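These notes concern the structure reproduced below.
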Amino acid sequence: MRKFLRRCLGYALRFLDAAPDKGETAVDRLRRRGVRIGEGCLIYSEYFSTEPYLVTLGDRVAISGGAKFLTHDASIWLLRPERPAVQSFGPITVGPDCFIGENCIILPHTTIGAGCIIGAGAVVRGAIPDNSLVVGNPGTIVGRASLLIERLRASPDTMDTLTLGFEERRDLLRRHFGLPR
């Protein structure tokens, strides 16, 4: 059955042989694959390309689901007729206290400074200065992350609900947004 699933799903199941032990986290699995990860990170994506050892994450980095870290550039394929074994690689570094949004793509040769927010779906390459707010494709710096944090702090839609159960949170959000029960 395992061979069949591997053949059908290919790359997506490459972690099958490295089944996690009880209590193993995404951070543990990624460190085992060579990603250098600081302390206090929260990671919901394990797509760290075929060269995960080229990725470095600082302390307290949060990575949302679907985020991809690409450490190679496959467009080098166009040089294969003249150089059959050619490949192109680049490291990725994310500074401390950063947030990487849902479905972002971080390209090779990218350095993201400390305290940055990368908005959902952004495609990022190059040097991103500290405290940047980056959105879009291509990723564009549109402001300072610290200003967004202040807006979030002041927003009536920012609530301390992480420790609430599903039903309690649902009821609170329905009341808050005036939705029917």
- Item | Net length gained if the chain between Glu24 and Thr158 were fully extended (0.36 nm per residue, minus Cα distance) | 45.1 nm
- Note on the structure: quick note, the chain, DSSP beta bridge pairs, % antiparallel (nearest 5) is 20
- Message: I need Ser146, Ser49 ordered by Cβ neighbour count within 10 Å, fewest first.
- Response: Ser146, Ser49
- Message: Need one number: nm distance between label points at Ser88 and Tyr44, each 7 Å from Cα along Cα→Cβ, rounded to one decimal.
- Response: 3.3
- Task: Please list the non-local residues whose amide H lies under 5 Å from the amide H of Ala67, H modeled 1.01 Å from N, same-chain partners needing a gap of 5 or more.
- Result: Asn103, Cys104
- Message: Is there a quick way to get the dipole size of the range 24-145? I mean about its Cα centre, with the Cβ of Lys and Arg at +1 and of Asp and Glu at -1; what is the value in debye to the nearest 20?
- Response: 220
- Message: Run through the range 38-144 and list the chymotrypsin sites (Phe, Trp or Tyr not before Pro) located in a DSSP loop whose Cβ has at most 15 other Cβ atoms within 10 Å.
- Response: Tyr44
- Item | the chain - percent relative contact order, Cα under 8 Å, separation 6 or more | 12
- Message: With 10 angstrom as the radius, rank Ile112, Ile105 by how many other C-beta atoms surround their C-beta, starting from the fewest.
- Response: Ile105, Ile112
- For the range 24-145, what D do you get in µm² per second when you plug the Kirkwood radius from alpha-carbon pairs into Stokes-Einstein at 25 °C and 0.890 mPa s? 170
- Taking the Cβ-Cβ separation of Arg169 and Arg33 as r and a Förster radius of 30 Å, what is the calculated FRET efficiency to the nearest 0.05? 0.30
- Message: Would the range 24-65 count as rounded, prolate or oblate if I go by the C-alpha gyration tensor, calling it rounded below 1.5 in a/c and otherwise prolate when a/b exceeds b/c, oblate otherwise?
- Response: rounded
- Query: For the chain, what is the mean residue ellipticity at 222 nm derived from helices alone (per DSSP H run of n ≥ 4: -39500 (n - 2.57); sum divided by total residues; nearest 500 deg cm²/dmol)?
  - Reply: -6000 deg cm²/dmol
- Query: What longest range of the chain stays clear of loop-exposed GluC sites (Glu not before Pro) (DSSP non-H/G/I/E/B, at most 13 other C-beta within 10 angstrom)?
  - Reply: 83-181
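Readers should treat all values here as calculations from the given coordinates under stated rules, not as data from a laboratory. This is a predicted model, so every value here is computed, not measured. Cβ atoms come from the backbone with ideal geometry, glycine included; neighbour counts cover every protein chain shown.
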